[in-house]
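The values are calculated or read from the model by the stated rules, or taken from the named source; none is laboratory data. Everything numeric here is computed off the predicted structure, so don't read it as measured data. Heads up, the Cβs are rebuilt from the backbone with ideal geometry, glycines too, and the neighbour counts pull from every protein chain shown. With ligands, DNA and RNA removed, areas are computed over all heavy atoms of the protein, side chains included. Shrake-Rupley method; radii C 1.70, N 1.55, O 1.52, S 1.80 Å.
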Amino acid sequence: MTLLPQPLSAQQARLKNPLSLAFVGDTVWDLLTRQQLLFSQARAGALHRLAVQRVNAGAQARCAALVEPHLTPEEADVFRRGQNAHARHDVPKNQDPYAYSRATALEALLGYLYLTGRQERILELYKLTENE
């Protein structure tokens, strides 16, 4: 099931700015993380802290390293474009610029897959990172 009225074609999604894809992908990652945590034994007060540990540039960069070897050529291209995209703002002070760009790459990929209606593929890739 998708929340989009109609998924974009791969061509339409490739025309999107990688930072726009990352904007959507960040939310996809956050939602998947929160869903995973909901089924944990964590108390309600701890859920936010646990989510923050996984939804940050450093953690996403580590997950990007787990996902990257499993990408198709099409996905690897989106990932690369996301990694090479430069935001108009500075990298947050507490984040490594390389980790930040890797996190953006993962988010761009997730945004691309979401917008093209490939939720099953998103879940396949996310499962590769569940133990991180």
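What value, in deg cm²/dmol to 500, does the helix sum -39500 (n - 2.57) over DSSP H runs of n ≥ 4 give at 222 nm once divided by the residues of the chain?
My calculation for the chain gives -21000 deg cm²/dmol from helical runs alone.
Can you check what the Kirkwood hydrodynamic radius comes to for the stretch 17-132, Cα pairs only, in Å to one decimal?
Taking the inverse mean of 1/r over all distinct Cα pairs, the stretch 17-132 comes out at 14.2 Å.
If each Cα of the stretch 1-54 is one equal point scatterer, what is log10 of I(q)/I(0) from the Debye formula at q = 0.15, 0.24, 0.29 Å⁻¹?
Results for the stretch 1-54 at q = 0.15, 0.24, 0.29 Å⁻¹ read -0.58, -0.94, -1.14.
Just reorder E132, E74, E107 by solvent-accessible area, largest first, 1.4 Å probe, all chains present.
E132, E74, E107
If packing is taken as the mean number of other Cβ atoms within 10 Å per residue, what is the order of 13-25, 108-120, highest first?
Highest mean packing first, the order is 108-120, 13-25.
In whole angstrom, how far apart do the alpha carbon centroids of the stretch 111-126 and the stretch 26-73 sit?
Cα centres, the stretch 111-126 to the stretch 26-73: 15 Å.
Considering only protein heavy atoms and a probe of 1.4 Å, how much of the accessible area of the chain is carbon and sulfur, as a whole percent?
Exposed carbon and sulfur together represent 55 percent of the surface.
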